[in-house]
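Here's the structure we're looking at; comments come further down.
The values are calculated or read from the model by the stated rules, or taken from the named source; none is laboratory data. Remember, it's a predicted structure, so these values are computed and weren't measured experimentally. All Cβ positions, glycine included, derive from the backbone under ideal geometry; neighbour counts span all protein chains shown.
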Amino acid sequence: MKQNITLTVLFADIVGSTRLYESLGDQRARELTSHWLEALAGITRAQGGQVVKTIGDELMSTFPQAETGARAALAMQERSDRPEFAPGVPLRIRVGFHHGPVIAESSDLFGEGVHIATAMVRQAKPDQILTTGETLQRVADPILLGRVRLLVGEARLEGLYRPMELCELTWGEVDEITRPGVAPRQSAAAPARILEVRCGSHVVRVGADLPEVTMGRGGQNHLVVPDSQASRIHARISLQKERFLLEDQSTNGTWLHGPDAEPLLLHRDSRSLPEQGFIGLGRKVTAATSEAVHFSLTEG
């Protein structure tokens with residue numbers, strides 16, 4: 001008998017299990033992944049959720065409220081961050097969840113809520129938790145909301161018929177959340193590395209004092225790029241140890257133009273920046289395009 005209900009659907013997917021099978025053999029690898037899945041199932045139950053099923057190395061579970069699903073997602077990642085069961089062969093997880101309508105039939109779930117939650121976990125990277133803006137509208141806990149980072153405001157993901165706000169639920173220590181990508185302090189003998197990033201007359205300097213900046217057409221960005229092809233929060237540049245990393249978070253992708261190579265399209269991916277070049281948000285640009293974002297490495 002079919003039943004239309006509204007639930008939070010969560011998927012937790014173990015990443016790197018193939019390497020585990022190659023390193024340890026089928027029997028031992030299966031024991032370890034089964035142990036992990038049972039640990040994730042235990043977290044689900046502790047948060048008042050229900051395990052629907054396991055699909056290979058992935059767990060599907062449900063929660064009556066978005067907040068309990070969010071807490072379970074955080075607990076799962078924090079559990080995965082403890083010492084590994086297999087030294088030298090790390091197991092990591094990615095988590096995606098969504099609160100919405102589903103169809104319950106024969107102890108399984110179908111429908112829009114399942115499709116969107118599936119899209120979230122497929123989009124997530126290892127160690128990441130992704131959800132939707134719709135889901136977070138049902139979360140009132142200020143501590144949970146303080147961990148939210150909007151990635152894309154208008155994402156049309158594969159398999160979904162309508163655009164969704166894509167959000168990350170950050171986890172870990174407070175310093176890891178609020179100061180991502182902070183580089184170690186340079187010694188007095190080593191000049192600080194600074195990346196100057198500009199669009200038109202607007203310039204920002206990425207370095208130890210400002211280790212991360214965002215770019216997009218929204219006014220909340222460090223560098224506002226007035227281009228209709230750019231997402232509201234389109235991409236970010238962060239200082240990661242001794243390199244500068246460009247990370248795309250957009251609908252249309254980010255074009256990276258280096259000094260020697262062909263333009264490279266990034267879509268939900270990241271790449272280390274060369275010493276100089278320019279970037280197109282959502283479309284190819286030339287160095288003379290007014291919306292081009294130019295960057296160059298300097299020493300402070």
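Kindly establish whether Arg162 is assigned to a loop (DSSP other than H, G, I, E, B), more than 14 Å from the chain's Cα centre (by Cα), at pLDDT 75 or above and assigned by TED's automatic domain parsing to the domain that holds Ala75.
It is false that Arg162 is assigned to a loop (DSSP other than H, G, I, E, B), more than 14 Å from the chain's Cα centre (by Cα), at pLDDT 75 or above and assigned by TED's automatic domain parsing to the domain that holds Ala75.
Are there any pairs, at least 6 apart or on different chains, whose C-beta atoms fall under 9 Å, with the first in the range 14-30 and over 21 Å from Leu40 (Cβ atoms) and of a type in the set (Gly, Ala, Ser) and the second part of a helix (DSSP H, G or I) and at pLDDT 75 or above, and if so, which?
Short answer, once both residue conditions are applied: Ser23/Ala29.
So Glu262 fits all but one of (1) in a strand (DSSP E or B); (2) at pLDDT below 85; what number is the exception?
Answer for Glu262: the failing condition is (1).
Go through the residues of the range 9-23 one by one and say whether even a single one is farther than 19 Å from Pro101 by Cα, at pLDDT 85 or above, touching a helix residue (DSSP H, G or I) at 6+ places or on another chain (Cβ under 8 Å) and assigned to a helix (DSSP H, G or I).
Checking the range 9-23: not a single residue is farther than 19 Å from Pro101 by Cα, at pLDDT 85 or above, touching a helix residue (DSSP H, G or I) at 6+ places or on another chain (Cβ under 8 Å) and assigned to a helix (DSSP H, G or I).
Among the residues of the range 192-201, are any closer than 30 Å to Phe295 by Cα and at pLDDT below 80? Outline the logic, then answer.
As a first pass, look at the range 192-201 and keep what is closer than 30 Å to Phe295 by Cα: 192-201.
Checking which are at pLDDT below 80 leaves us with 192.
Looking for residues that are closer than 30 Å to Phe295 by Cα and at pLDDT below 80, one finds at least one in the range 192-201, hence yes.
A quick yes/no check of all residues on (1) aliphatic (A, V, I, L, M); (2) free of Cβ contacts under 8 Å to residues at least 60 places away in the same chain; (3) in contact with a helix residue (DSSP H, G or I) (Cβ under 8 Å, 6 or more places away or on another chain); (4) crowded, with 20+ Cβ neighbours inside 10 Å:
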| position | (1), (2), (3), (4) |
| --- | --- |
| Ile194 | yes, no, no, no |
| Gly200 | no, no, no, no |
| Ile237 | yes, yes, no, yes |
| Pro259 | no, yes, no, no |
| Leu265 | yes, yes, no, no |
| Glu275 | no, yes, no, no |
| Gly282 | no, yes, no, yes |
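Of all residues in the range 4-60, which are charged (D, E, K, R) and in contact with a strand residue (DSSP E or B) (Cβ under 8 Å, 6 or more places away or on another chain)?
Asp13, Arg45, Lys53, Asp57, Glu58
Taking only the range 290-300 into account, find how many residues are loosely packed, with under 14 Cβ neighbours inside 10 Å and assigned to a loop (DSSP other than H, G, I, E, B).
2
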